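A short write-up of the structure that comes next.
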Amino acid sequence: MNVNHELDMNNLLMQYFNHTSEKIVFVDNQGQVIAMNQAANDIIALDNDYEGMTNAICNHCEGYTNEFDLQSCKQCFLEAETVGNTSFQVFMKTIYGTVEPFTATYQMIDEVNGVKAFTLQNVSPQIERHDKMYQRKMMQKTIFAQENERKRISRELHDSVVQELLNIDVELRLLKYQQDIDQLLSDSKRIEGLMSKLIDDIRNLSVELRPSSLDDLGLDAAFKTYFKQVETNYGIKITYLSNLATNRFDSEIETVVYRIVQEALFNAIKYANVDQVDIEVHVCNQKLIAEVIDRGRGFIKTDQPEGTGLGLYGMRERAELVNAEVTIDTQLGKGTIVTLEVPI
Ligand SMILES: Nc1ncnc2c1ncn2[C@@H]1O[C@H](COP(=O)(O)OP(=O)(O)OP(=O)(O)O)[C@@H](O)[C@H]1O
Ligand SMILES: [Mg+2]
């Protein structure tokens with residue numbers, strides 16, 4: 001390298017350092033800032049604790065330094081040699097008194113004195129945009145699902161309930177003109193039969209929408225009625241084990257448990273390709289635990305869903321309402337276990 005070139009490089013690097021929008025911070029081996037460029041000065045507060053970044057699960061990167069451990073301080077960027085070129089997220093205090101996320105990379109530039117250069121980019125706007133996009137997408141999916149559900153209920157009402165009612169209406173009209181007493185009796189019996197079928201249809205529909213037994217008698221009774229109905233309607237065997245008896249819980253908890261079990265059961269019926277589903281609901285150690293187990297096809301969580309993919313998302317959303325946790329344990333060819341744990 002000739003002298004001129006070196007001078008040029010120094011000049012260029014200084015220009016870059018002074019004018020880039022990237023925030024560059026030099027830190028010594030004590031975690032002390034020894035220099036910052038203008039871009040960094042414009043936003044990064046002076047009292048950021050760079051040394052604190054090395055403490056267990058520090059507040060700066062919250063342990064998100066690598067893609068293998070969800071949160072740990074393994075491979076801390078201040079200590080590890082191997083993460084120099086990977087970028088990670090850090091939270092920095094700004095001169096406006098806020099704490100904002102930045103993507104950061106660092107490079108050891110002086111091994112002897114332990115001087116490192118951090119390059120930071122503010123990612124708040126991207127995160128905000130991404131959050132909004134995600135919310136919009138979810139809203140669209142929810143509206144679509146609602147609309148589908150309404151269509152289904154409307155079709156159900158139209159095809160079964162209204163048809164049956166029309167039938168009964170015709171039969172009743174004819175009944176008026178019936179003189180033969182025996183015929184009158186047998187016609188009335190037929191109408192009675194039609195009526196009880198209609199009542200069954202409406203009952204099925206209402207149990208599916210929201211079982212009154214859930215409010216009146218609690219989870220155990222509601223599950224028993226519902227599973228019996230699903231067994232008849234879908235020709236599937238459901239083994240139900242529970243120690244709930246007549247225990248009652250917060251109404252919100254009961255609804256969440258009912259809906260999540262309902263969704264998991266329906267997924268098993270639709271996708272697992274099984275003729276039996278096991279459902280266990282227990283109270284133990286201040287927790288209400290519900291498990292829906294199928295020994296079917298299993299699936300890969302990251303694969304494109306066959307349906308809307310809203311069910312699993314909805315399960316998590318519902319669980320969050322009552323501080324509960326849903327875990328889905330699934331293996332191809334082995335089956336799926338959906339576990340819900342609700343603190344009570
Ligand atoms: N028990 C299961 N066995 C096999 N595959 C499953 C099971 N549960 C879920 N899946 C797979 O996961 C995907 C996502 O399920 P999810 O409940 O989120 O959506 P969906 O059932 O497809 O749509 P929706 O619930 O809105 O009707 C499904 O499309 C299916 O491919
Ligand atoms: Mg589903």
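Here, each number is a calculation from the coordinates, and none is a lab measurement. Because the structure is a prediction, the values reported are computed rather than measured. Methodologically, a virtual Cβ is constructed for each residue, glycine included, from the backbone with ideal geometry; neighbour enumeration extends over all protein chains shown.
What full-extension length gain, to one decimal in nm, is calculated for S206 and K228 as 0.36 nm per residue of separation minus the Cα-Cα distance?
Numbers: separation 22, 0.36 × 22 = 7.92 nm, distance 1.46 nm.
That works out to 6.5 nm of additional length.
What length, rounded to one decimal in nm, is gained on full extension from D28 through to I289, with 0.36 nm per residue of separation minus their alpha-carbon distance?
On the way: separation 261, 0.36 × 261 = 93.96 nm, distance 5.13 nm.
Length difference between fully extended and current span is 88.8 nm.
Shape call for region 199-344 from the C-alpha gyration tensor, a ≥ b ≥ c root eigenvalues: rounded (a/c under 1.5), prolate (a/b greater than b/c) or oblate? Don't jump to the answer; show the numbers that get you there.
Values: a/c = 1.57, a/b = 1.18, b/c = 1.33.
Since a/c reaches 1.5 but b/c is at least a/b, the shape of region 199-344 is classed as oblate.
What is the extension gain from M9 to A117, computed as 0.36 nm multiplied by their sequence separation minus the C-alpha to C-alpha distance, in nm to one decimal?
Numbers: separation 108, 0.36 × 108 = 38.88 nm, distance 1.77 nm.
Result: 37.1 nm gained on full extension.
Measure off 7 Å from each Cα along the Cα-to-Cβ vector at Q107 and I199, then give the distance between these two points in nanometres to one decimal.
8.1
Does anyone have the angle between helix 219-234 and the longest principal axis of the chain? Alpha-carbon axes, 0 to 90°, nearest 10?
Tilt of helix 219-234: around 70 degrees.
Inverting the mean 1/r over all pairs of different Cα atoms, compute the Kirkwood radius of region 73-228 and quote it in Å.
Working: mean 1/r = 0.0432 Å⁻¹.
With all distinct Cα pairs of region 73-228 included, I get 23.2 Å.
What ranking, highest mean first, results for peptides 95-103, 251-259 when packing means the other Cβ atoms within 10 Å averaged over each residue? The partial results should precede the final answer.
Numbers: 95-103: 14.1, 251-259: 18.4.
Packing order, densest peptide first, comes out as 251-259, 95-103.
Please quote Rg/Rh for the chain to two decimal places, taking the Kirkwood radius as Rh and restricting both calculations to Cα atoms. Show your work: numbers first, answer last.
On the way: Rg = 31.8 Å, Rh = 26.1 Å.
We get a ratio of 1.22 for the chain.
At 25 °C and 0.890 mPa s, grab the translational diffusion coefficient of region 280-344 from Stokes-Einstein with a Kirkwood Rh over Cα pairs, rounded to a whole number in µm² per second. It would help to have the intermediate numbers written out before the result.
Details: Rh = 12.7 Å.
After rounding, the answer is 193 µm²/s.
Percent antiparallel among DSSP beta bridges with both residues in the chain, to the nearest 5?
Here the antiparallel bridges make up roughly 85 percent for the chain.
Quick one: Cα convex hull volume of region 145-188, Å³ per residue?
48
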